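Notes follow once the structure below has been shown.
The values are calculated or read from the model by the stated rules, or taken from the named source; none is laboratory data. Please read these numbers as outputs of a predicted model, since none were measured by experiment. Methodologically, a virtual Cβ is constructed for each residue, glycine included, from the backbone with ideal geometry; neighbour enumeration extends over all protein chains shown. We work out accessible area using only protein heavy atoms, side chains counted, and drop any ligands, DNA or RNA first. Shrake-Rupley method; radii C 1.70, N 1.55, O 1.52, S 1.80 Å.
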Amino acid sequence: MLLEIDNITLLYGRIQALHGISLEVDQGEIVALIGANGAGKTTTMRAVSGLRPIASGAIRFAGQDITRMRPDLRVVRGISQSPEGRGIFPGMTVLENLEMGAYTRRDGAAIRQDLDRVFGLFPRLRERMRQPGGTLSGGEQQMLAVGRALMSRPKLMLLDEPSMGLAPMLIQQIFSIITEINQQGTTILLVEQNAQQALSRAHRAYVLETGQIVKSGTGSELLHDPAVKDAYLGVA
Amino acid sequence: MNIEQGAELAVVQYNDKNGKDCVTIKKFDSQGKPDVAPGLARQLVTDKKIIGIVGPPFSGESEAANPIFNDAGIPLITPSATRVSLSSHGWKVFHRAVANDGAQGPGAANYIKNVLKATKVFVADDQSAYGAGLADVVKSTLGSLVAGTDKTDADGKQTDFSATVNKIVQSGATAFFYGGYYQNAGLLRKQLTAANWKGTLVAGDGVDDPGYATAAGNDAAAGTIVTCPCSPASKAGGSFVGDYKTKWGVDAGTYSDVAYDAMNIFLKGIDGGNTTPDKMLSYINSVNYSGVANTYKFTSTGELDPSLIKVWAFKFGTDGKTAPDQEIPKS
Amino acid sequence: MNFVGLLHSLGPLSIAGLAQGAIYALFALGYTLVYGVLRLINFAHSEVFLMGAYAALNVWGLFSLNQNSATPATVVVIGLLMLGLVAAIIASGATALVVELVAYRPLRRRNAPPLAFLITAIGASLVISEATGVFTHRSITGVPPLIRPADVVTFGNLHITNLQVLIIVLALVMMFGLDRFINTTRLGRGIRAVAQNPDSAALMGVNKNRVISLVFLLGGLMAGVAAVMYVLKIGTVKFDAGFDLGIVAFTAAVLGGIGNLRGALLGGLLLGVVENYAAEVFGTEYRRVIVFVLLIGVLMFLPTGLLGESLGKARA
Ligand SMILES: Nc1ncnc2c1ncn2[C@@H]1O[C@H](COP(=O)(O)OP(=O)(O)OP(=O)(O)O)[C@@H](O)[C@H]1O
Ligand SMILES: [Mg+2]
């Protein structure tokens, strides 16, 4: 297993956001995490990246316990994230934002290659290379956030709602790119409101409800599960 | 210390002359603190043998303790408390054997006009009661000689005086009176010297502090004139300077000669049979005594008679210390 | 009101103001850097400056130099200036790091509210300055005259001294160096990342605590240089010297746009010059009044200061 989340709980002050979550992501997989607003998806992602300490449980990555590891070291280990709300650096140019993605790396030549790869995936970013990140459109920012997360050459990429706020055509596009990235060898843990797309792209998926995993299975299993259909796929 | 030793010298000499311990001196140490003085004062007035007081030495504690002495009717002569307002409280027991701070303004102005013979004078102050009070008197005394004015922040609250320095330089003044204290004055002097201004800085006794030379540097400080409503003890008459040195092993300090005189006024009163506080008070009110530092005659408010007021100029030397320069002529 | 005097003395007042303003600017950088990254007003920065000033003095004191010493030969002066700068930078940098480590980091670890940081900042400032007051008996310390002011340019009533040139040039060099560091190096980019979005910066692998330490260190470094300029220019130090200067420098930072490095430079220089103009026209006692009127005026139309917030444009 590349990532093992073992029965973790997490508190925001007195509010308990995660009530013992366990999930696994295997090398080469796309795993989707779906659930209603406030279910705890983003919180799970933050826990994996180490932005928020967990109260109990354990997180293992590539066989190593990273439960108490500093967030920056987790990046070095191979975990990157495109956070909810994109979190781009508005005062930096597109190029600088992408270079920030490679902050932990010192291999200049390979970084150039990865830049080209990102620009290949998102030609729009190349056009906007010298433009401050804050002046990009929402969709462009989303591309930048995903591209930036790629720049650390992650083993595992956490994508928190990459389709949020995108036009339908762009949603299609971003999911194809996610699939492409995965096929190029990067494991992906994907959080999505757009359950339809997520489940059809994912090898496996988990359903989160108020801080607990209530269901798991392969993407197509859940896609055809009546309860999931009812709750998350918007088909009556 | 200066004051205590000056007064004690007078008592020792008196007892030696009369062959017995007929007068004793009782010392009360208030540490110059306004919160300590009243307690001591209350203790003091219960001692029925005390018929007069040399002191209190400082203005702050005088404000606190003098009302108590006044109620008890014990006459006092302060040799060194110079705050102007002390004589305006209507204390009938109060006497001041030196000039008050108010004499410094005219003194400084006279020095600038008559000794320095400056025709263009810049005047600034630190907006404190003391500093602005002095500067206002200097301004009105100098009249049309004033070439420019400014006001700085309170002492220690300003370090960059470039605007004031520029004004002084541009005004063409050859003398600069600063109403304020030693820190600002020292920095002003240093920055004036750095701007190549070669005139003389004149100030009140608030600048007479080693800190002035520290701030300005001895070189820049040298030549600065500070006024004092006092006379240097080293210029005291009679054999006082030698007697003091023999008795105490140190040179007589500021106000020690005045304290000596003040004590002698009491002792002379005792000789004249004035052995109660009441009699002593009326004796002092009409005294005309010639001592080592000055001649003493008091007005109805307890101040020295205006004709007897002495203001001295002291000058900073290259060693960073002040030395007596001259008594400032009255006009 | 003396506008004629202002016109007449425009040259000397401007130069003197720029020299003083250069000190404000370097001092202001510390507030701006820390605010940019932590949204914290580090009130103890005035004592970071103070420690630098005393360090330089103590080093010169080792050579038995004081305010009454003669000015040494030029080579020796250059050596002493270097030593003084190094000592001041080390002392200020170390003070800044210790303040961050002892006063702020524990609060950050506990997610303390902003008010706790504010009180701690004021407390740290008071503790250091009062302790210095006790050690120095609250008296002033004189500074050796390493640089005797001498005119290098004379033009009418305008005299530019060697010291003024040194201060202004040194400040500009330091500013330029810092600006390059922040904008072109990897560490500088890390600082900007934390300023613009701390969580994202962590997701990029930036060690937040290291960046924060670095920012305090840089602010301390600038304050150390400012301290040496200050002691050379003013010629004395006292335990409370940082306080008043700190308020002005902080004002300069806000005027230029707190969080913005170039804003600190602009704000500092502008403040130094405006102070002098105001002192000439209205009297020295009004200079701070005018400065604050200017500040309020500027903030009314440009709420984030003259150049806005740049390190932290993030949170718009
Ligand atoms: N900083 C915070 N402080 C307090 N509570 C928080 C905080 N962040 C999240 N929560 C709470 O934790 C719970 C889970 O939030 P989380 O953001 O993980 O939900 P989510 O599944 O990502 O929802 P969404 O689909 O809306 O993004 C919510 O009830 C939320 O209110
Ligand atoms: Mg979320």
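Below is a table of values for the structure above.
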{"quantity": "Over chain A - Rg/Rh using Cα atoms and the Kirkwood inverse-distance radius", "calculated": "0.96"}
{"quantity": "Residue with peak Gaussian network fluctuation, chain C [Cα springs, cutoff 10 Å], from C:SER64, C:SER129, C:SER213", "calculated": "C:SER64"}
{"quantity": "Approximate shape of segment C:180-316 as ellipsoid semi-axes (Cα gyration tensor, √5λ), whole Å, largest first", "calculated": "31, 20, 11"}
{"quantity": "Probe 1.4 Å, protein heavy atoms only - accessible area per residue of chain C in square angstrom", "calculated": "40 Å²"}
{"quantity": "Surface accessible to a 1.4 Å probe, C:THR184 within the full protein complex, Å²", "calculated": "80 Å²"}
{"quantity": "Number of partner chain Cβ atoms within 10 Å, mean per residue of C:11-20", "calculated": "3"}
{"quantity": "Förster radius 35 Å - calculated FRET efficiency between A:ALA110 and A:ALA58 (Cβ-Cβ, nearest 0.05)", "calculated": "0.60"}
{"quantity": "Residues B:THR318 and B:LYS198, FRET efficiency given R0 of 22 Å [Cβ-Cβ distance, rounded to 0.05]", "calculated": "0.90"}
{"quantity": "Protection proxy ranking of A:75-81, C:262-268, A:97-103 - average other beta-carbon atoms within 10 Å, highest first", "calculated": "C:262-268, A:97-103, A:75-81"}
{"quantity": "Rg in Å to one decimal, and Dmax rounded to a whole Å, for segment A:29-152 via C-alpha atoms", "calculated": "15.6, 46"}
{"quantity": "Space enclosed by the convex hull of the alpha-carbon atoms of chain B, per residue, Å³", "calculated": "126 Å³"}
{"quantity": "Among C:THR95, C:THR120, C:THR32, residue whose mean-square fluctuation peaks in a GNM of chain C (springs only between Cα atoms under 10 Å)", "calculated": "C:THR120"}
{"quantity": "Ranked by how many other beta carbons lie within 10 Å on average, peptides C:297-309, B:97-109, A:130-142 from highest", "calculated": "B:97-109, A:130-142, C:297-309"}
{"quantity": "Overall dimensions of the protein assembly as shown by Cα: Rg and Dmax, Å", "calculated": "38.1, 126"}
{"quantity": "FRET efficiency for B:LEU308 and C:ARG180, using Cβ-Cβ distance with R0 set to 60 Å, rounded to 0.05", "calculated": "0.25"}
{"quantity": "Average beta carbon contacts from partner chains per residue of B:149-160, 10 Å cutoff", "calculated": "5"}
{"quantity": "Relative contact order, percent, chain B [alpha-carbon distance under 8 Å, six or more residues apart]", "calculated": "21 percent"}
{"quantity": "A:LEU223 accessible area, 1.4 Å probe, all protein chains in place, Å² to nearest 10", "calculated": "30 Å²"}
{"quantity": "Relative contact order of segment A:71-155, defined on C-alpha pairs under 8 angstrom at six or more residues apart (%)", "calculated": "52 percent"}
{"quantity": "Spin-label model distance (nm) - B:LYS245 vs C:VAL102, 7 Å beyond Cα toward Cβ", "calculated": "5.2 nm"}
{"quantity": "Rounded to whole Å, sorted largest first: equivalent-ellipsoid semi-axes of segment C:3-301, Cα gyration tensor", "calculated": "31, 24, 19"}
{"quantity": "C:VAL173-A:ASN7 pseudo-label distance in nm [points 7 Å out on the Cα-to-Cβ vector]", "calculated": "6.4 nm"}
{"quantity": "Heavy-atom accessible area order for B:TRP312, C:TRP60, B:TRP248, largest first, 1.4 Å probe", "calculated": "B:TRP248, B:TRP312, C:TRP60"}
{"quantity": "Pair A:ARG124, C:GLU130: separation of 7 Å Cα→Cβ label points (nm)", "calculated": "5.9 nm"}
{"quantity": "Greater than 18 Å apart at Cα, pairs in B:LYS190/B:LYS321; B:LYS157/C:LYS238; B:LYS48/B:LYS268; B:LYS17/B:LYS268", "calculated": "B:LYS48/B:LYS268"}
{"quantity": "Exposure of C:VAL152 as accessible area (Å², to 10), given a probe of 1.4 Å and all protein chains", "calculated": "90 Å²"}
{"quantity": "Debye log10 I(q)/I(0) for segment B:1-116, one point scatterer per Cα, at q = 0.10, 0.14, 0.17 Å⁻¹", "calculated": "-0.36, -0.65, -0.87"}
{"quantity": "Reciprocal of mean inverse Cα separation for segment B:79-214 (Kirkwood radius, Å)", "calculated": "15.3 Å"}
{"quantity": "Extension gain (nm, one decimal) between B:ASP219 and B:THR299, 0.36 nm per residue minus Cα-Cα", "calculated": "24.5 nm"}
{"quantity": "Helix-derived mean residue ellipticity, 222 nm - over chain B, DSSP H n ≥ 4, -39500 (n - 2.57), to 500", "calculated": "-11500 deg cm²/dmol"}
{"quantity": "Most mobile listed residue (C:ASN66, C:ASN111, C:ASN58) in chain C, GNM with C-alpha springs under 10 Å", "calculated": "C:ASN111"}
{"quantity": "Other protein chain Cβ atoms within 10 Å, averaged over every residue that makes up A:69-75", "calculated": "5"}
{"quantity": "Volume of the Cα convex hull of segment A:119-213, divided per residue and given in Å³", "calculated": "118 Å³"}
{"quantity": "With eigenvalues of the C-alpha gyration tensor scaled by 5 and rooted, segment B:143-252, Å", "calculated": "33, 15, 12"}
{"quantity": "Whole-number percent relative contact order across chain C, with pairs defined as alpha carbons under 8 Å at least 6 apart", "calculated": "36 percent"}
{"quantity": "Most positive-pole-ward Cα, C:LEU158, C:GLY256, C:ALA116, against dipole of segment C:3-301 from beta carbon charges", "calculated": "C:ALA116"}
